[in-house]
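To start, the structure under review is shown below, and the notes come after it.
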């Protein structure tokens, strides 16, 4: 399976259906197609709110083509293919991979986790400063401002088994929001450091599934299928 996108920013899944071909036909010569090594594929257009953050992030790299790691990304792609393609379905989706998921956060990639924390904080009146969300932002995912109190804040998000020590953030003047998807916090809350609990984000997601981007609901559904 191959992810690609067009000049308008729409995303597509491609399922390879042929072996390698050397494409030097009259058509390729007439249209000046200079990519001679090809595989034939079927395409399925995927709504952008169902494309995972990991996939979107891979398009920012400088390489022409690259692998997307983790088995669950492949199984998620198969699930999307079956949902949006009318041909050549997969019948071997490994739902056992999702049965292993202890909670929804083990299904989300790092970008999706940052997104859901951002949406949660926005629901509380905090707004992200768009140009602060850069890959080279030192130590923090993004900066926030509160429309009601005019406070400023920074956000740090970690997944997996990476622990967050709250004492490391007491030196900052702004409020600091920390999120560790497995609640691996060290130290205690201070006046300016807030450790967000995974249960708070989970409750927010459950009550907001009717308007959240579809990839979150889809991954909830896949975990349910894996455990059924």
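Bear in mind these aren't lab numbers, they're just calculated from the coordinates by the rules spelled out. Remember, predicted model here, so these are calculated numbers, not experimental data. Every residue, glycine among them, receives a Cβ derived from its backbone with ideal geometry; neighbour counts consider all protein chains shown.
General observations
- When the P(r) is computed for region 1-45, the part past 14 Å accounts for 58% of the Cα-Cα pairs.
- For 48, 223, order by how many other beta-carbon atoms lie within 10 Å, fewest first: 48, 223
- Taken along the Cα-to-beta-carbon direction at a fixed 7 Å, the label points for residue 69 and residue 14 span 2.5 nm.
- Ratio Rg/Rh [Cα only; Rh per Kirkwood] for region 2-94: 0.99
- Calculated [θ] (222 nm, deg cm²/dmol) that DSSP helices of n ≥ 4 give over the chain, each run adding -39,500 (n - 2.57): -8500 deg cm²/dmol
- DSSP bridge pairs, region 105-228: antiparallel proportion in percent, nearest 5: 35 percent
- Helix axis angle, 214-227 relative to the chain longest principal axis, alpha carbon, degrees: 80 degrees
- Relative contact order %, the chain, counting alpha carbon pairs below 8 Å whose residues are six or more apart: 15 percent
- With a Förster radius of 30 Å applied to the beta-carbon distance between residue 149 and residue 206, the computed FRET efficiency rounds to 0.65.
- Förster-model FRET efficiency, 45 Å R0, residue 173 and residue 40, C-beta, rounded to 0.05: 0.20
- Computed on region 104-201, with alpha-carbon pairs under 8 angstrom and 6+ residues apart, the relative contact order is 21 percent.
- Counting neighbouring beta carbons within 10 Å and listing from fewest to most, the residues 105, 39 come out as 39, 105.
- Crossing angle, helix 71-84 versus the chain [Cα axis fit, 0-90 degrees, rounded to tens]: 60 degrees
- Taking each residue as 0.36 nm, the span from residue 90 to residue 131 lengthens on full extension beyond its C-alpha to C-alpha distance by 10.7 nm.
- Residue with peak Gaussian network fluctuation, the chain [Cα springs, cutoff 10 Å], from 32, 91, 210: 32
- Between 187, 125, 160, the Gaussian network model of the chain with springs among Cα atoms under 10 angstrom shows the greatest mean-square fluctuation at 187.
- Shape box of region 141-228 [Cα atoms, principal axes, largest first, Å]: 47, 31, 18
- Percent of beta bridges antiparallel (DSSP, the chain, rounded to nearest 5): 60 percent
- Residues 46, 87 in ascending order of nearby Cβ atoms (within 10 Å, fewest first): 87, 46.
- In this calculation the C-beta distance from residue 57 to residue 29 is compared with R0 = 45 Å, giving a FRET efficiency of 0.75.
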